[in-house]
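Before I ask anything, here is the structure I am working with.
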Amino acid sequence: MDECPRCGGAIEELSLGDVSTVTCSRCGYADVPVEHLPAGEEPESWRDAFNRFYKE
Amino acid sequence: MAKGLDVGTMNILSAQQDGNDTVFVQQRNSFVEIEYSDMAEQMLSRSEVLHIRKDDKVYVVGDDALNFANIFNKETRRPMKHGILSNDEQSAIPMMKLIIEQVVGEPAYPDEKLYFSSPADPIDSDLSTLYHQKTIESFLDDMGYDSEPINEGMSVIYSELADNNFTGLGISFGAGMTNVCLSYYAVPVMKFSVARGGDWVDEQAARATGTPVDKVTSIKEDDFELDFTTDVGGVEGALSIYYENLLDYVIENIVTEVDEEDVEEGLDVPVVVTGGTSSPSGFEALFKDHLEDANIPFSISGVTHANEPLYSVARGGLVAARSDEDIDHDEADEEAEAAAANE
């Protein structure tokens, strides 16, 4: 990747030991996605909570 | 397996279990820029100094950055300030990503649990910690971890107060900020941070004595000791004065923030102090003395200083991650048993 997909600027590659990353010095693009979906965990029902309580 | 990660303004540390031992990997969260030459890069590579080459510059990263800054009379650059990503440092994100990846390594398996420390929003400034927290979480998830933030003060409780049912007051004196958490049976009752820590002490001492900040940091970390009486003058004299001021400031804020109602009547609360800024010899005695003088609205059973103050937060993250991983495994086992019973 030579061109920043966000702003078209030049992408720089940096490496440190065995790890590397890319960055755009113009817009800060770092090729790391950020999740914006809700956590989406189903709330536990009272029935399940009671069952767990009696089992313990 | 599971991991804990302390994302600190001065140091980034990971913790993982290896048999009965906890293994820590540490890297200083700073870098310094030096001019590139073939000879310089050869010397750095031969000396195993962690560095990044970019165009006509070389960036020395981590523990060696402070030494190079002092030798070349330059200032270190810091990806974080006041406990969160620095808005003054253009290279903050790639540098943090590289240092974090280097410290935690690849996950042992997909979605390995990792708890990383995140500060509470400070009560003495309008800084928000959300951007920082979400960015670090994204780095780790992108690497293949199932990451969760853990409040830094709560991490101290997990690390140091297991023998007290995770009940007590944990105070983490970090470089960028100080985090405080009051927990009752592992449930945080009250948590806050103040945007003052070791960096504030260093900056004030540097300004007062006309000394470069990195030099002050080196003196503080080498052989600086706190005592009830010190001599005025010099970096050590200034450090003592600002350390005492930091302690008073944190205690004043605890008095303001903790209500009597937060603590069960008749309960004596243990207090544990930790964090890299609490490392100088004499810190614990000075803190105890100032706490006794303050009008704390609850009874304190004792004040202890963590045995390894630099490692507490990473260890607390590991405790939380392992506990979470056990729950996940138990649930998976139950689901497998239920599926087998239905067949």
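Read-outs: derived from the displayed coordinates by stated rules, not from any lab. Quick caveat: nothing in here was measured; it's all calculated off a predicted structure. All Cβ positions, glycine included, derive from the backbone under ideal geometry; neighbour counts span all protein chains shown.
Contact order normalised by length for chain B, with contacts defined as Cα pairs under 8 Å and 6 or more residues apart; what percent is it?
It comes to 19 percent, rounded to a whole number.
Give me the log10 of I(q) over I(0) for the stretch B:9-107 at q = 0.12, 0.18 Å⁻¹, as the Debye formula computes it from C-alpha points; what are the numbers?
Taken in order of the listed q values, log10 I(q)/I(0) reads -0.42, -0.87.
Defining a contact as two alpha carbons under 8 Å apart and six or more residues distant in sequence, what relative contact order in percent does chain A show?
Over chain A, the number comes to 21 percent.
So what does log10 I(q)/I(0) come out to for chain B at q = 0.11, 0.14 Å⁻¹, using the Debye formula with one equal point on every Cα and no solvent?
-0.75, -1.15
Shifting gears a bit: Can you give the mean number of other chain Cβ atoms that lie within 10 Å of the Cβ atoms in peptide B:89-102?
5
Let a ≥ b ≥ c be the square roots of the eigenvalues of the Cα gyration tensor of the stretch B:75-208; is it rounded (a/c under 1.5), or, if not, prolate (a/b larger than b/c) or oblate?
Values: a/c = 1.96, a/b = 1.02, b/c = 1.92.
Since a/c reaches 1.5 but b/c is at least a/b, the shape of the stretch B:75-208 is classed as oblate.
Sticking with this one: How far apart, in nm, are the 7 Å Cα→Cβ label points at residue B:55 and residue B:295?
With each label placed 7 Å out from Cα toward Cβ, I get 5.8 nm.
Considering only DSSP beta bridges whose two residues both sit in chain B, what percent are antiparallel, to the nearest 5?
Once the DSSP bridges in chain B are tallied, antiparallel ones form about 65 percent.
Taking each residue in A:10-20, count the Cβ atoms of any other chain within 10 Å of its Cβ, then average. What number comes out?
6
Next question, about the same structure. Averaged over B:173-184, how many beta carbons belonging to a partner chain fall within 10 Å of each residue's beta carbon?
The per-residue average across the peptide is 0.
Still on this structure, please answer the following. Please provide three numbers in whole Å: the alpha-carbon extents of the stretch B:1-56 along the principal axes, with the largest listed first.
For the stretch B:1-56, the Cα extents along the three principal axes come out at 45, 24, 15 Å.
Oh, and also: Just round it to a whole percent: the fraction of Cα-Cα distances in the stretch B:186-254 exceeding 21 Å.
That fraction is 30 percent.
At a 10 Å Cβ-Cβ cut-off, how would you order B:82, B:132, fewest neighbours first?
Lowest count first: B:132, B:82.
State whether the stretch B:277-326 is rounded, prolate or oblate according to the following rule on the C-alpha gyration tensor (a ≥ b ≥ c being the square roots of its eigenvalues): a/c under 1.5 gives rounded; otherwise a/b larger than b/c gives prolate, and the remaining case gives oblate.
Details: a/c = 4.00, a/b = 1.74, b/c = 2.30.
Note, shape of the stretch B:277-326 comes out oblate.
Let me ask you something else. Distance between the C-alpha centers of the stretch B:1-60 and the stretch A:1-19? Whole Å please.
Measuring centre to centre over Cα atoms gives 20 Å.
Could you let me know the centre-to-centre spacing of the stretch B:124-159 and the stretch B:189-231, using Cα atoms, in angstrom?
25 Å
Can you run the Rg to Rh ratio on the protein assembly as shown? Use alpha carbon positions and the Kirkwood inverse-distance Rh.
Reported Rg/Rh (Cα atoms, Kirkwood Rh): 1.00.
For chain A, what's the radius of gyration and Dmax over Cα atoms, in angstrom?
Cα only, chain A: 22.4, 61 Å (Rg, Dmax).
Another question, then. Using the Kirkwood formula on the Cα atoms of the stretch B:114-167, what hydrodynamic radius do you get, in angstrom to one decimal? Let's see the in-between values first.
Values: mean 1/r = 0.0804 Å⁻¹.
Across the stretch B:114-167, the inverse of the average 1/r is 12.4 Å.
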